[in-house]
Amino acid sequence: MSPAALRGAVDLSSLRNRPSAPASGTAAPSSSPVADVVMDATDENFGQVLELSRTVPVVVDLWAEWCGPCKQLSPIIEKVTRELGGRVLLAKVDVDANPQLAQSFRAQSIPMVVALIAGQPVPMFTGAVPEQQVREVFAQLLQVAAQNGVAGMLPVGDAEAGEAEPPAEPELPPLHAEAFSAIERGDYRAAISAYEKALAENPRDEDAIAGLGQVRLLDRVQGLDLQTARAEAAAAPLDVQAQFDVADLDLAGGHVDDAFGRLLDLFAQLPSDQRTPVRERLVELFGLIGASDPRVIAARNRLSSLLF
């Protein structure tokens, strides 16, 4: 991992207020207190984020509301960031609301996590990963930052004013907590089982419904190779499982329209007595993205036109 690894692949020049970086081996002076070690980064305030990366490494989490894997990864990244107590800043970027940042980072798929050290991008990971791997990559990041003279500490809030602590998050129901614990250690089958038990107890548990759909997707794509899956799907355009694999990988990578389009094309080509599994998979994926999402609405409309 080195700051040069993404140089040229990411163009942040238009977002810089001050492009200079501290001399090698010299930590930048501490900035004024920040409100929190987790902040929402936008097209408008990203210059401040770049400036803070002169003091501490900044982890940039590119996400979107419709992205299921993002909802698994982002809480882990935030948890690890807070545990570091000001040695790292987390900047969360909603790619739908901040298209300039998404374009600058060339986010081909999300979740995508990139660090900034003295304004220079450093690759971390793409896609949902277990907590242990997140911790390992953060540890490497701190080492690289120190080697590049960025080893400061962010003063958070006004210590003299004695800011009130944020309210504690509500405790998760036991089966939900069991599912999250399983996800963090990468045991998606155990997470599926926990969510299924939660739904058996309460079939209207919307959080369990959403969580089950997301973790099923993660379980299906675990171990799949995108290039191999695409080659197999291209060689057998009516092979339902082959098309399912690519659609799952596309959705997990944030390519929602591609996933829907692939399955709708498959549905249109299959005989009527073979369509049910494809329709059911589409409905499942619609639930992951959300009924109000324009891409889901468009895909539902096309599915309806193919049904009747």
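The numbers here are math on the coordinates, done by the rules we state, and not lab data. Just so it is clear, the structure is predicted and the values come from calculations on it, not from any experiment. Don't worry about glycine lacking a Cβ; one is built from the backbone with ideal geometry, like all the others, and counts go over all protein chains shown.
Computed values, structure above
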read-out: Environment charge at Ala268 (Cβ cut-off 15 Å; Lys +1, Arg +1, Asp -1, Glu -1); value: +4
read-out: Against the rule of thumb 2.2 N^0.38 Å, how large the Cα Rg of segment 70-151 comes out; value: 1.08
read-out: Low-density loop cleavage sites - trypsin sites (Lys or Arg not before Pro) in segment 63-118, where at most 13 other Cβ are within 10 Å (DSSP); value: Arg106
read-out: Restricting segment 176-274 to trypsin sites (Lys or Arg not before Pro) in coil, as DSSP defines it, with at most 13 other Cβ within 10 Å; value: Arg185, Arg204
read-out: Relative compactness, segment 195-308, computed as alpha-carbon Rg over 2.2 N^0.38 Å; value: 1.08
read-out: Relative contact order computed over segment 174-307 (Cα-Cα under 8 Å; 6+ residues apart), in percent; value: 17 percent
